[in-house]
1. For the stretch 462-480, indicate whether the set of residues that are of a type in the set (F, W, Y) and over 20 Å from the mean Cα position of the chain (by Cα) is non-empty.
2. Every residue in the stretch 36-61 that is over 17 Å from A176 (Cα atoms), free of Cβ contacts under 8 Å to residues at least 40 places away in the same chain and touching a His at 6+ places or on another chain (Cβ under 9 Å), please.
3. Any residue at all in the stretch 131-138 that's out of contact with any Pro (no Cβ under 7 Å at 6 or more places or on another chain) and without any contact (Cβ under 8 Å) to a residue 12 or more places away in the chain?
4. Look at V158 and say whether it is farther than 22 Å from V479 by Cα and touching a Phe, Trp or Tyr at 6+ places or on another chain (Cβ under 9 Å).
5. Residues in the stretch 396-410: is at least one among the aromatic types (F, W, Y), under 22 Å from S168 (Cα atoms) and assigned by TED's automatic domain parsing to the domain that holds Q313?
6. Given the conditions (1) surrounded by fewer than 17 Cβ atoms within 10 Å (Cβ to Cβ); (2) within 28 Å of E239 (Cβ to Cβ), report the number of the one that N14 does not fulfil.
7. For the stretch 14-59, which positions are under 16 Å from P88 (Cα atoms) and more than 21 Å from the chain's Cα centre (by Cα)?
8. Answer with yes or no whether Y475 is more than 21 Å from G188 (Cα to Cα) and not assigned by TED's automatic domain parsing to the domain that holds V292.
Amino acid sequence: MCGIVGIVSSEQCNQQIYDSLLLLQHRGQDSSGIATMDGSVFHINKSKGQVREAYRTRDMRALIGKIGLGHVRYATKGAAHKEEEAQPFYVNAPYGIILVHNGNLTNTRELERELFKVDKRHTNSSSDTEMLLNVLATELNSEIQGKEITPEDLFNSVKSVHKRVEGSYASIALIAGHGLLAFRDPFGIRPLVIGKRISDSHKTEWIVASESLVIENNDYQIVRDVEPGEAIFITSSGEFFSQQCADNPQLFPCSFEYVYLARPDSIMNGISVYESRLRMGDLLAETIKKQVSLGDIDVVMPIPDSSRPSAMQVARQLGIEYREGFFKNRYVGRTFIMPGQSLRKRSVRQKLNAMSTEFRNKNVLIVDDSVVRGTTSQQIVQMARSAGANKVTFTSAAPPIRYPHVYGINMPSRNELIAYDKNVSQIEDTLCIDKMIYQEINDLKKAIVKDSKIKDLDLSCFTGNYVTGTVTDDYLSWVEENSMS
């Protein structure tokens with residue numbers, strides 16, 4: 001996963017983009033990048049690390065322009081430690097295009113061959129974002145054939161991109177001297193939201209971002225989501241154009257956005273992330289009632305922060321006291337998105353501390369948003385035991401994760417997933433817990449889609465059914481062999 005933002009403003013936009021990336025920091029902490037456009041001139045700055053560490057005053061002053069985009073990266077393709085893998089990426093023809101991307105392409109092997117042998121284009125990184133940019137540039141160059149570009153040319157180019165590219169992609173691009181292009185894959189797997197406002201000079205300003213909180217915090221009004229398969233183009237003067245570019249668009253948003261990735265104060269695809277997590281807690285409580293005697297539980301505790309809404313509802317529905325037993329160090333990033341098992345293990349202890357006064361001689365029901373590798377969960381249970389817990393029941397607001405997530409989340413290897421080849425009893429033994437309770441898949445789906453227009457979700461990491469229909473066992477084996485973890 002990554003966080004992306006694009007802005008068409010009536011004034012210098014560098015500070016707005018910087019502020020937006022701070023709000024999206026939870027979506028990636030490996031690197032960040034900002035690009036602005038002044039007329040037809042691009043200014044780019046990208047760096048490893050988090051946003052506050054990446055930009056100095058002189059860097060911001062050099063980012064001149066009223067149109068720009070930004071990106072925070074959590075590496076799922078390419079090397080996390082290499083600065084040249086950071087986004088945005090740039091090609092100089094046609095016109096000059098800069099692009100950022102949130103998602104994961106699943107036919108990169110084929111695209112790499114096509115780009116080099118057919119399109120005569122060279123990519124200088126292992127990033128699928130650079131491939132996506134070069135596919136877009138190739139198709140746009142073929143479309144315009146030397147004539148002046150139009151919105152229709154851009155939309156036709158995106159149509160061709162949809163036909164060549166497989167996987168998930170929410171993308172924002174700057175076209176030198178012309179404006180901002182944004183588009184979303186035909187399944188709408190990764191989120192992209194549009195906002196607008198009227199400036200003091202009575203000009204319409206636009207913003208496109210991964211999450212709605214960016215729009216609201218910058219004092220824009222939410223307009224709508226970019227539809228699956230849709231492309232939008234905003235000219236440098238603020239004219240807005242849009243067109244559906246996919247033959248058969250279908251909305252299958254990633255369920256893991258609502259379980260863990262997105263901030264709770266965001267609304268994506270018309271669904272409040274916070275309210276969906278409350279409903280996850282309500283439905284998880286019903287499952288808990290069927291599996292344990294409530295008299296054997298003294299307190300309900302969340303793993304901060306993303307499981308807190310679900311834990312509050314579990315406690316409420318069960319009529320059991322809710323307590324905060326784990327104290328979180330706010331200066332350590334999200335352990336799930338840290339590259340490599342050793343770093344994750346080290347960071348859990350730095351991130352959380354169990355307060356013995358809340359655990360001593362108690363039967364504790366711990367609620368987490370999900371259990372992926374089990375690395376964090378195992379250490380949390382150890383901390384609870386060391387703090388004096390009598391019994392530990394561990395619950396997950398998400399079902400067992402048994403399959404790789406190939407659409408932009410770093411779950412590349414089946415063997416890394418604790419639930420891949422284990423039943424619940426074996427998971428209990430591995431985590432050294434008294435009882436493990438998972439959310440039911442149908443309950444997770446109901447919790448997310450309730451009262452929305454969404455009919456289905458990408459649940460592939462739980463079910464093994466990949467919505468694009470193009471993910472093969474051969475591809476999964478290749479991903480595992482080339483995974484970074």
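1. Yes, the conditions are met somewhere in the stretch 462-480.
2. Matches in the stretch 36-61: K48 only.
3. no
4. For V158, the condition - farther than 22 Å from V479 by Cα and touching a Phe, Trp or Tyr at 6+ places or on another chain (Cβ under 9 Å) - is met.
5. Taking every residue of the stretch 396-410 in turn, at least one turns out to be among the aromatic types (F, W, Y), under 22 Å from S168 (Cα atoms) and assigned by TED's automatic domain parsing to the domain that holds Q313.
6. Of everything listed in (1) surrounded by fewer than 17 Cβ atoms within 10 Å (Cβ to Cβ); (2) within 28 Å of E239 (Cβ to Cβ), N14 misses just condition (1).
7. Passing the criteria: N14, T36, M37, V41, F42, H43, I44, N45, Y55, D59.
8. yes
The values are calculated or read from the model by the stated rules, or taken from the named source; none is laboratory data. Quick caveat: nothing in here was measured; it's all calculated off a predicted structure. No Cβ is skipped: glycine too gets one built from the backbone with ideal geometry, and neighbour counts run over all protein chains shown.
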